Structures are given as C-alpha cells and as structure tokens.
Amino acid sequence: MMPPRDLSQLPTREVEQETKPRLAGIDAPFTVLVLLLLVIGLVALFSASYTDAYYNMDGNSFHYIIRQGLFAVVGIVAMFIVSRMNYHKFHYLAIPAMIGSALLLATRFFLGSIWETHNDATRWIDLGFTEFQPSEIAKLAVIVCFASMMSIYGPKKMHTFRYGIAPYVLMLGALCGLIYSQPHFSAIVIILGIGAVMMFVGGANLFWLGLGGGSAAVGLIAIMMTVGHSSARLQVWLNPYIDPQGKGYQAIQSFLAIGSGGLWGVGLGQSRQKHLFLPEAPNDFIFSVWCEEMGLVGAVLVIVLFAALIMRGYYIAMRAGDKFGTLLAVGVTTQIALQTIINLFVVTGLAPVTGASLPFFSYGGTSLMMLLAEVGIVLSVSRRIPAPRQG
C-alpha cells in the first residue's frame, strides 16, 4: 500500500486534477449541522420576533420570519451552488473583493445618503427592499484574499516580515479604520481575529504575529477606555446597574430572561421579556429569549451544535487537498466561531454589549444569505478532499 500523496506542494492545476474524482458528495455531518442550526434558528426567530413585528410592522406578526425564511431559501440554494464550484476559482476574486469591500465601506464618506443609522451607529446600506452591512462583505474579502495570497507566497515567504506580516497588517488596518468610523467594534474584533488565525495557519513568523497581536490588543483596550462611545459601554458592562434605565437596561433585561428560564425553560413561545422589555430580541439578543423559553437544556443543545459545527469545519480544513482550501475553510469556520462566542459572551454579560449577531439565529436576511454562501465554500473544499490511494 502506498502512502497518501501530499498535495500541499502541487500547483493548483495538478491539485484540481488530483482531487477531481472526489466530487461524489459533500460533507454530510457539516451540512446536517448547518441545516439543523438554521431550522432551530428560524423557530427561535419566529418566537422572539412576533411581538416586536406586531407592534412595529403594522400588526404583521409574521413580518420578520417571512423575510428571513425567504432569504434562508435563497441562501440554501446559494450554498449548494457554491459547494459545486471549484474553490480554486476564488483566486480570481481575491484582490477585487478586497478593493471592492474597502470602496464600499468608504462610500459612507461620499455617499452618506444611502447609509442608515440605528442606535447611534451608521453600519447599514439601504437597498430599498432590505439593508445590509458592508462589514459582512469585508469579512469574506479578508478570508478569500488572505487565503489566496498565503497559498501563493508559500511557507518560506510567509515566514518573512515583508510577505508574512506587512501586507496583511496594512489591509486589516485599512478595513478596520473604515469600520471604526461607523462605529462597529465587534466587526473589528472579528476581522482582526480572522486575520490573525489565518496568518498563524498560513505560516507567519510567530514573533511578528505575537507582536502585532499584542499591539492590536493594546490599541483596542485603549480605545475602549478612552473613546466616549466604547468607554461608556465598558463602564456599563462592569456594572450595568449604574444606569439601569439607560445603557445598562439591555444587559439587565438579558440577565432576567436567561435567569427566568431555569433548567427546562418557560416553554417555546412563552417568553415574557420578548414583549418589548428586551431590546433587539429578534437580533443580537435572540439567544436570551431562547434561554428563557428552552432553559439550560435548550441553551446547552445549541452550544453543542455550534461546537460540533466549528470542530467539523476545522476537520475539513485539516484534510483539504491544498493550502488554499485549508485557509478558506479555516477562515469561514473562524468567522462562525468568533461571532458565536462574542454573541454568547455579550448576552451572558461576559463581554460589553456590542452588535454581534448569532449565526443562523439573529434576524438579518442578507447576512444569513452571505453566511450560507460562505458555508458553501467549506462544502466545496470538502468535496475535493483527496481520497487515500491504494495499490
């Protein structure tokens, strides 16, 4: 029996030829976990949103769930279409995606009329039929661009400061600077986290990576402690009861919702906090409503499903046929992991309140559609995992 052939050193065309026979099917466990979380998320969204929709959408209690359901269907179609694409073609989108996302973020300064402001933050572009956050496109751009560059440079160049650190720091700095103007602190943390993990997997020098990561952490802490918007959130996070009717109100209501759930919850659809007591119940704080209705058991179930999905995503990345596939899968999985962790930390009081949505659960049609398309990239990588050769 011959050992499996190492495809990591082969050119892209040879990798495509070697992995072509693997197109029989996608990774079933990863697909099932995604669809299961999506179904649970839609159920949770309908339960958390129908009161808000009734009072704020002209009595239409089904407003949020119908829109989210339509985007979910489109997203699933996109997921399976992308899964059948050869992920090596994303090389051609790397630089255009990065430039395009930066220009889209920059439109806030010269096309401010198309941007919408909610809760003192200007993060959304109004498309007429829906709104979307350009920072979501920036996350995907970082994943595709970094994966392409790192796979082209190779391990030797990635270990140098010129190729392994400098270009990525410049790109991250430009994107995060544009996002900071919105402001959108959680998006900055997620993008920096995605970039750092991909640089580590890509083979960047650990000394320079650690120095850059430490500097970024110090900078973020300094911003949180000195800038008014972030500083106020930090103070309220440490003690929400210093402003229980103002900035601390949301966190306090979230604690009440989670605590009211107990072990088994009050029952699906029976939440009291969603009746206009808990702000953003269908969005960033949907997990609080889920905990109230389904209790500790339901909360642990969702956390286990997310953990299984993240582990399976990294498993696919480790078995990918080449470095580009590995980095793409690592980037998408890291994005899901960071968004999940930050959201759960926020609703439980382990992190300051910030606008981080829970993947597959929080209301937001365009972000859900994009996330499902990104999942399709991971499935595309899984379809081309080389089978061990025998003989």
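The values are calculated or read from the model by the stated rules, or taken from the named source; none is laboratory data. Computed from a predicted model, the values in this text were never measured in an experiment. All Cβ positions, even for glycine, are placed from backbone atoms using ideal geometry, and neighbour counts span all protein chains on display. What goes into the accessible areas is simple: the full protein's heavy atoms, side chains included, and nothing from ligands, DNA or RNA. Shrake-Rupley method; radii C 1.70, N 1.55, O 1.52, S 1.80 Å.
Would you be able to say whether some residue in the range 347-357 is within 23 Å of residue 35 (Cα to Cα) and at pLDDT 95 or above?
No: zero hits.
For (1) at pLDDT below 95; (2) of a type in the set (Val, Ile, Thr); (3) under 24 Å from residue 116 (Cα atoms), each residue gets a yes or a no:
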| position | (1), (2), (3) |
| --- | --- |
| 187 | yes, no, yes |
| 194 | no, yes, no |
| 208 | yes, no, no |
| 221 | yes, yes, no |
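Give me a count of the residues in the range 54-98 that are assigned to a helix (DSSP H, G or I) and in contact (Cβ under 8 Å) with a residue 24 or more places away in the chain.
Adding up the residues that qualify gives 26.
Which pairs turn up if I take residues in the range 307-330 that are farther than 19 Å from residue 154 by Cβ and open to solvent by 50 Å² or more (accessible area, probe 1.4 Å) and look for partners that are at pLDDT below 95 and not basic (Lys, Arg) with beta carbon separation below 7 Å, at least 6 apart in sequence or on another chain?
Close Cβ pairs (under 7 Å, with a partner that is at pLDDT below 95 and not basic (Lys, Arg)) amount to 319/385.
Here is a list: 93, 104, 140. Which entry is in contact with a Pro (Cβ under 7 Å, 6 or more places away or on another chain) and modelled with pLDDT of 90 or more?
After ruling out the rest, the residue left standing is 104.
State which residue is farthest from the chain's Cα centre (by Cα) when the search covers only the range 33-51 and only residues that are of a type outside the set (S, T, N, Q) and open to solvent by less than 10 Å² (accessible area, probe 1.4 Å).
Taking the candidates together, the pick is 48.
Of the numbered conditions (1) among the aromatic types (Phe, Trp, Tyr); (2) under 19 Å from the mean Cα position of the chain (by Cα); (3) over 28 Å from residue 178 (Cα atoms), residue 71 satisfies every one except a single condition; which is it?
The number of the failed condition is (3).
Evaluate the following for residue 296: is it in contact with a helix residue (DSSP H, G or I) (Cβ under 8 Å, 6 or more places away or on another chain) and open to solvent by less than 10 Å² (accessible area, probe 1.4 Å)?
no
Kindly indicate which of 6, 58 is more than 27 Å from the chain's Cα centre (by Cα), open to solvent by 90 Å² or more (accessible area, probe 1.4 Å) and at pLDDT 50 or above.
That would be 58, the only listed residue that is more than 27 Å from the chain's Cα centre (by Cα), open to solvent by 90 Å² or more (accessible area, probe 1.4 Å) and at pLDDT 50 or above.
So which residues in the range 81-109 are within 30 Å of residue 36 (Cα to Cα) and open to solvent by 80 Å² or more (accessible area, probe 1.4 Å), if there are any at all?
Passing the criteria: 81, 84, 89.
Yes/no per residue for (1) closer than 16 Å to residue 26 by Cα; (2) free of Cβ contacts under 8 Å to residues at least 24 places away in the same chain; (3) part of a helix (DSSP H, G or I):
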position	(1), (2), (3)
332	no, no, yes
337	no, no, yes
340	no, no, yes
352	no, no, no
360	no, no, no
363	no, no, no
369	no, no, yes
376	yes, no, yes
382	yes, no, yes
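Working only within the range 110-137, note down all residues that are in a loop (DSSP other than H, G, I, E, B) and open to solvent by 20 Å² or more (accessible area, probe 1.4 Å).
Passing the criteria: 111, 119, 120, 127, 128, 129, 133.
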